[in-house]
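These notes concern the structure reproduced below.
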Amino acid sequence: MAFRRRSKSYPFFSQEFFIQNHADLVFCLVVLILIGLMFEVRFLIAFFSFVHRNVSLYGEESLYHYGWRDCITIFFYFLIAIILHAVVQEYVLDKVNRRLHLSKSKNTKFNESGQLCVFHLVSSVWSLYVLITEGYIQNFSSLWENYPHVPLRFQVKFFYLFQLAYWLHTLPELYFQKVRKEEMPRQLAYILLYLLHITLAYLLNLTRVGLVLLFLQYLSELGFHVSRLFYFIDENHHKLFDVWAVSFVFTRMVTLTLTVLAVGFGLARAENQGLDLEAGNFNTILIRLTVLLTVCFTQAWLLWKFIRFQLRRWREYRREQPARKRLAPKLPLRTLKRDVGHHENGIIKAENGASPRTKKIKAP
């Protein structure tokens with residue numbers, strides 16, 4: 001009696017459902033939309049993103065404000081981020097996992113680092129491109145001069161909206177990826193921290209400073225997740241973590257210095273002191289102190305966790321060293337006994353004239 005093989009079915013609200021049914025078509029559509037948006041194709045913006053609702057014209061250039069309609073745009077890119085996440089998981093990470101044969105815990109961490117590695121790479125290159133084209137790197141004082149920095153150009157607004165959409169999409173992905181309960185607080189902590197800092201920079205019109213800080217943060221996190229991926233592929237590549245440790249501490253110092261310089265000193269010397277919601281001016285001493293304390297507390301918390309992690313690694317290494325020395329085999333040196341006989345032209349011969357067999361020396 002022959003039995004037909006049942007097809008694998010997935011629940012509707014699952015990552016596998018989108019993969020098996022809509023991946024190819026939706027992926028092509030998403031790529032076209034994103035390319036169109038990056039080159040500011042107006043009809044795609046009008047149809048998909050609703051960004052044009054908060055627009056004002058200055059000559060031939062369109063500049064944008066933020067408003068409640070941004071929530072619709074964020075929700076749209078929220079859905080796109082979920083689909084892109086599923087495509088990367090199915091067509092890249094799962095294929096690599098099948099070859100590596102990792103354990104369940106390592107498999108979860110590998111998927112997390114793989115997804116974040118792609119995102120941090122794209123975001124760091126994207127933010128660097130915006131910083132260069134907007135001229136913020138060439139004129140460093142522009143980070144705090146002429147505050148408030150409204151309205152925004154399209155690429156700056158689009159960058160912030162997509163960042164918010166991506167980090168919001170990671171919340172339901174915790175359910176899709178079936179993250180363990182032990183890992184849930186750690187992942188929720190950094191997701192909420194990203195959402196808090198990006199939202200503050202966007203709503204308080206500190207987008208220029210926020211772009212530089214996000215670029216530094218994403219570049220540092222990219223180094224960590226690349227080191228993590230290489231370590232899972234081959235555990236001998238653990239020295240990359242030492243390079244990342246130096247860049248991590250350097251990023252924390254630069255972040256603190258830049259925040260104090262731009263917010264603590266730059267905005268404090270600006271002429272337009274006061275709160276003006278219509279103009280988007282939030283340059284008051286209370287708001288400045290709130291921003292400074294938020295950034296300083298976050299950097300101090302990250303440094304504290306980093307130091308605890310490094311100390312734990314050092315203690316584990318110190319505990320493992322005596323155990324390794326005890327388990328190391330102690331092989332005595334072997335002495336070679338020369339046969340009794342006489343030598344002719346460097347060859348040992350026995351007394352009866354027969355040449356003895358050469359003895360093989362085994363490696364210790």
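The values are calculated or read from the model by the stated rules, or taken from the named source; none is laboratory data. On a predicted model such as this, the values are computed, not experimentally measured, just so you know. When we count neighbours, we look across all protein chains shown, and the Cβ atoms used for this are built from the backbone with ideal geometry, even at glycine. Only protein heavy atoms, including side chains, enter the accessible area calculation; ligands, DNA and RNA are left aside. Shrake-Rupley method; radii C 1.70, N 1.55, O 1.52, S 1.80 Å.
Annotations for the structure displayed:
- Any hit, segment 221-232, residues being at pLDDT below 95, open to solvent by 60 Å² or more (accessible area, probe 1.4 Å) and out of contact with any strand residue (DSSP E or B) (no Cβ under 6 Å at 6 or more places or on another chain): yes
- Residue that is surrounded by the most Cβ atoms within 10 Å (Cβ to Cβ), among those in segment 66-119 that are in contact (Cβ under 8 Å) with a residue 60 or more places away in the chain and assigned to a loop (DSSP other than H, G, I, E, B): Tyr66
- Test result for Leu195, buried (at least 21 other Cβ atoms within 10 Å of the Cβ), more than 17 Å from Leu256 (Cβ to Cβ) and not polar (S, T, N, Q): no
- Pairs, first among the hydroxyl-bearing types (Ser, Thr, Tyr) in segment 252-269, second in a helix (DSSP H, G or I) and surrounded by fewer than 20 Cβ atoms within 10 Å (Cβ to Cβ), C-beta under 8 Å, six or more apart: Thr255/Leu216; Thr255/Gln299; Thr259/Leu292; Thr259/Cys296
- From the list Leu168, Leu164, Leu213, Leu195, the one residue that fits, being within 18 Å of Ser113 (Cα to Cα) and in a helix (DSSP H, G or I), is Leu168.
- Ser124 in a helix (DSSP H, G or I) and within 21 Å of the chain's Cα centre (by Cα): yes
- Selection over segment 220-264 of residues that are among the acidic types (Asp, Glu) and within 19 Å of the chain's Cα centre (by Cα) gives a count of 2.
- Of the residues in segment 262-282, not one is open to solvent by less than 70 Å² (accessible area, probe 1.4 Å) and over 22 Å from Tyr202 (Cβ atoms).
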